[in-house]
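The values are calculated or read from the model by the stated rules, or taken from the named source; none is laboratory data. Quick caveat, the model's predicted, so the values are computed rather than measured. Cβ placement follows ideal geometry from the backbone for every residue including glycine, while neighbour counts extend to all protein chains displayed. In case anyone asks, the SASA skips ligands and DNA or RNA and just uses the protein heavy atoms, side chains included. Shrake-Rupley method; radii C 1.70, N 1.55, O 1.52, S 1.80 Å.
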Amino acid sequence: MFGSDKRVLLRHYLEQGMSKAAIARQLGVSRRTVYYWIKTGQLNRGEKEEPAQYGPRRSVRSKLDPYKAIIDARLAEYPKLTATRLFREVRKAGYPGAYGQVKRYVRQVRPRVVQEPVQRFETPPGHQGQVDFADFRLPWGKRYALIVVLGYSRLLWFRYYERKTMPVVMRGLEASFTYFGGVPGELLFDQMKAVIVRDGREEGGRLIENREFVRFSRHWGFRVRACRPYRAQTKGKVERPVRYIRESFFYGRDFVSDTDLNARARKWRDEEANVRNHGTLKERPVDRFERERETLTPLATWPYHSTVVPLPKPSATPVPATNWPRMVDVERRPLTEYARLTGGVS
């Protein structure tokens, strides 16, 4: 087809009285083409070419198409499910493709959420851990997850409890120290001021710790630090463990009991959370922990025994039982019997 410039020239040459053969030679086309243009009225078209019109692009069928309904249904019920979770679910349903297709599709069908800007900073190995409580609602009641994350490696420990009290914190921390095989130099407490200062006080925004918890921290060899008043900086230390656990583990799953809840939490922690490629560090927490393990403070010889606060029995032995102090069973007898044995008078 002629462009607009050749149509203009053809019309101009015809107006000048040039023969069609001469016009064909001038334009570098055949006479048949010149006759065709004149016959079909091409000279009456506008001088400007209209932009080409294209129809909708034909969609290419992907391996994910048969499984998009699963993703749509899950996001309709649980809109915050991660692309990783959804990828595992469609893989179990038979999806043979890669994670990238799932990630792109989830990004398209779910609106973007504006994230709170966080200023990142790091601490040396073994220097710090973060402790937090999170509330979770279950069909049989509310449960509280005690969460401990090592600041350098991001190795995670957490467990669900029925109550949120200082004795629970003590036993939970002992269990986490056993899991890590040591104790970080300081523990950063977030959202737990009411637990730590129970029976204590707060003056001028400064945390006054409970004396019993001070004795507990000295027994295990860590310093206590609260997020206030430096919450803006401390929140950048660890990547929101509460949100990660809520969305990647708890959200969209059904549990039948506390035993089932904690058993599946341990399995997810060891098989997914601590072996994933961390988004900020670009390393797996378990690999990074190998560089942090030796810098942790060694475990105490025996668990902490409170003389003030009744501590719940640990669900798992925090330290080897052979290192615990030997307990003596006292036989109870009437006072007259003790007097007889010692030769006294009752």
query: Between Arg107 and Tyr35, what FRET efficiency follows from the Cβ-Cβ distance if R0 is 51 Å, with the result rounded to 0.05?
result: 0.35
query: Which cross-chain or sequence-distant (5 or more) residues have an amide H under 5 Å from the amide H of Gln128, H modelled 1.01 Å from N in plane?
result: Gly151, Tyr152, Gly185, Glu186
message: Check which residues have an amide H placed less than 5 Å from Arg159's amide H, if you skip close sequence neighbours.
response: Leu146
message: Apply the Karplus curve 6.51 cos²θ - 1.76 cosθ + 1.60, θ = phi - 60°, to the phi angles in region 241-258 and return the couplings in whole Hz, x for Gly and Pro.
response: x, 4, 5, 4, 5, 5, 7, 8, 10, 6, 5, x, 10, 10, 10, 10, 6, 5
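Subtracting the Cα-Cα distance from 0.36 nm times the residue separation, let me have the gained length for Arg225 to Glu283 in nm, one decimal. Intermediate values should be presented prior to the final figure.
Numbers: separation 58, 0.36 × 58 = 20.88 nm, distance 2.70 nm.
Fully extending the segment from Arg225 to Glu283 adds 18.2 nm.
Considering only protein heavy atoms and a probe of 1.4 Å, how much of the accessible area of region 250-301 is carbon and sulfur, as a whole percent?
On the way: 1400 of 2930 Å².
Carbon plus sulfur share of accessible area: 48 percent.
Subtract the Cα-Cα distance of Lys20 and Asp258 from 0.36 nm times their separation in residues, and report this length gain in nm to one decimal. Don't jump to the answer; show the numbers that get you there.
Numbers: separation 238, 0.36 × 238 = 85.68 nm, distance 9.44 nm.
That pair, Lys20 and Asp258, stretches by 76.2 nm at full extension.
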query: If amide H atoms are built 1.01 Å from N in the plane of the peptide, which residues on other chains or at least 5 residues away come under 5 Å of the amide H of Leu138?
result: Arg143
Net lengthening on full extension, Tyr99/Glu77 (0.36 nm per residue, minus Cα-Cα): 5.8 nm
